[in-house]
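The structure under discussion appears below in the form of structure tokens.
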Amino acid sequence: MPTPETVADVIVIGAGLSGLETALTLEENGLKVTVLEGRHRVGGRLYSLFDLPGQPEVGGNIVSRSFGRVIAASARYGVELVNVAPRYARFPDRQELFIGGEHIPAARWPDHPRNPFRSADKKLLPMEWGRAMLRRHRPFNDLENWHDAAHAKFDVPVHDFLRSKGATDGEIALGYETNMSYGTESAHDVSMLQLAFVDYWQSINREGSGPRFTGVFRGGNQTLPIAMAKRLRGDLLEDRRVTAIELVDDGVTVHAVDGSRHRARAVVCSVPFPVLRHVRIDPLPPAAQQRAILTLGAKPITQFHLIPKRPFWEADGLSPAFWSDGPSGSVLANRDGPEGGPVTTLTVWCSALNARFLDRFGRDEAARIVIADIERLRPAARGALELAAWHSWERDPYAGGTWAIFGPGQVELARPLAAPHGRLFFCGEHTAISARGMEAAFESAERVSLEVLDALSTKMR
Ligand SMILES: Cc1cc2nc3c(=O)[nH]c(=O)nc-3n(C[C@H](O)[C@H](O)[C@H](O)COP(=O)(O)OP(=O)(O)OC[C@H]3O[C@@H](n4cnc5c(N)ncnc54)[C@H](O)[C@@H]3O)c2cc1C
């Protein structure tokens, strides 16, 4: 056997927030750690476009008020967290509504023939309807035990749950499935159990007491993982896509695509499951964990970052931001600085089925479709938009999607999916229990670090 390239106490696979935080915690506790990262950069799903004005985010955007671990990490690693809530207060950039190719002013929406909502809900905009339904009918408020058997009856499609509360297919199609946040293609493929938990978590962040807090890291959110990576004492090897993890009685061997081998007493894997499916694990994990690795969903989002060559919104008198049921999905305007300067870029968020449709075309053709759609909706934008960046999170070979989606019947996998498998341990957003997003990555790092420290000081000494 060739000599391994690195030998350590622990190998951490992935240099996103969860992998880096785990590696730093284990180092603080005296262990020698090697981090193997597939990409040529650190940060994973935190990815800032440093070369574009305003450093728009391709990945994680906002730190909310109850992200205690993320807020503590910003202080620990010396990366300033800036509250940009004043920017939103000053420039609400309310999203204009375009349905069926038609601009519908908010005041006309309640009586508009395209409005599928009924009675008092007619006044809700499509992007408000899903949240209003959840606020009204959320079956439980539980962050810690949402996957427990007591709630199992809600492990059904969101579609069925909403129908049971009287919603029509037309309401669900426009109010939930269009530019959907949770689901891969439709309200049929996401569990109500996960949505109830996420909605409760988000409502605490959105509606908690105290002044509004919308945090971003100064200079771009990716500056946090970059600062964390600089603190590592052991090896951080980029361009090492892991292809196989071999577990034996006295240690692990991890193989990377460049042919290198790495040895340690234990390995922590932060790789999202749509990607982990392509990594050989020998011996295979137990059946439930294997089922989770093979089937856990992830939300597709494809983004287009556009530079406006002129402020076309001044010509048509509308907000630069808009929400549509067409290919251009949901368009947000980015304004520079905490106080909100002029619009620097527009981010087009294409979700779920729309993202999958656009992903069938290459970058340039997909961008042409999206820009043509914007120009059709808003003729003042003709010739005013230039593509600066594109990213398909589902096609991203190191992510396979934006965040984990538990399908109906899958929530029972939430616990077994994160359980240690011999010397193989799991972290990452998808393995967290009571948080989501960046905070979930830190929560999972906290748990897995304790698991590894315990195992290495006792049974795997
Ligand atoms: C578009 C978008 C918007 C978001 N918005 C928000 C938000 O507003 N607020 C919020 O809190 N969160 C948000 N999130 C979620 C947040 O970014 C993630 O939850 C968090 O960054 C995940 O961290 P992680 O360490 O679990 O995973 P990752 O960051 O994905 O880290 C996994 C690492 O493993 C590496 N890797 C993968 N495969 C291999 C392999 N085979 N070998 C070696 N390395 C490999 C990857 O390159 C990556 O670096 C958003 C995410 C996206 C994509």
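The values are calculated or read from the model by the stated rules, or taken from the named source; none is laboratory data. All values reported here derive from a predicted model rather than from experimental measurement. Virtual Cβ from ideal backbone geometry, glycine too; neighbours counted across all protein chains shown. Side chains included, ligands, DNA and RNA excluded: accessible areas come from the protein's heavy atoms. Shrake-Rupley method; radii C 1.70, N 1.55, O 1.52, S 1.80 Å.
Brief remarks on what is shown
- Only residues that are hydrophobic (A, V, I, L, M, F, W, C), in contact (Cβ under 8 Å) with a residue 24 or more places away in the chain, in a helix (DSSP H, G or I) and under 23 Å from Asp316 (Cα atoms) were counted across region 92-136, and they come to 1.
- Residue selected from region 60-76 under the condition open to solvent by less than 10 Å² (accessible area, probe 1.4 Å) and within 11 Å of the ligand (Cβ to nearest atom), by the criterion nearest to Cys269 (Cα to Cα): Val70
- Of the listed requirements (1) acidic (Asp, Glu); (2) within 16 Å of the ligand (Cβ to nearest atom); (3) in a strand (DSSP E or B), Glu394 misses just one: (3).
- Count of region 183-224 residues which are closer than 30 Å to Gly337 by Cβ and of a type in the set (A, V, I, L, M): 3
- Enumeration of residues in region 430-443 that are within 15 Å of Leu413 (Cβ to Cβ) and either buried (at least 23 other Cβ atoms within 10 Å of the Cβ) or near the ligand (Cβ under 8 Å from one of its atoms) (or both): His430, Thr431, Ala432
- Region 434-452 - residue that is under 15 Å from the mean Cα position of the chain (by Cα) and part of a loop (DSSP other than H, G, I, E, B) and, of those, nearest to Asn221 (Cα to Cα): Arg436
- Index of the failed condition, Gly220 passing every other in (1) in a loop (DSSP other than H, G, I, E, B); (2) open to solvent by 20 Å² or more (accessible area, probe 1.4 Å); (3) under 20 Å from Val63 (Cα atoms): (2)
- Meets criteria (outside the structural domain of Cys269 (by TED's automatic domain parsing) and modelled with pLDDT under 95) for Gly362: yes
- Criterion (open to solvent by less than 20 Å² (accessible area, probe 1.4 Å), modelled with pLDDT under 95 and over 26 Å from Asn29 (Cα atoms)) met by exactly one of Ser191, Ser203: Ser203
- Pick from region 22-55, criterion closer than 18 Å to Cys269 by Cβ and near the ligand (Cβ under 8 Å from one of its atoms), ranking: most open to solvent (accessible area, probe 1.4 Å): Arg45
- Of the numbered criteria (1) under 17 Å from Val268 (Cβ atoms); (2) open to solvent by 10 Å² or more (accessible area, probe 1.4 Å); (3) among the aromatic types (Phe, Trp, Tyr), the one Phe425 fails is (2).
- Residue within region 78-91 that is surrounded by fewer than 15 Cβ atoms within 10 Å (Cβ to Cβ), outside any helix (DSSP H, G or I) and out of contact with any Asp or Glu (no Cβ under 9 Å at 6 or more places or on another chain) present: yes
- Number of positions in region 346-373 that are touching a residue at least 12 places away in the same chain (Cβ under 8 Å) and assigned to a loop (DSSP other than H, G, I, E, B): 0
- If you go through region 5-45 and keep only what is farther than 18 Å from Thr431 by Cβ, assigned to a loop (DSSP other than H, G, I, E, B) and hydrophobic (A, V, I, L, M, F, W, C), you end up with Ala8, Leu31, Val42.
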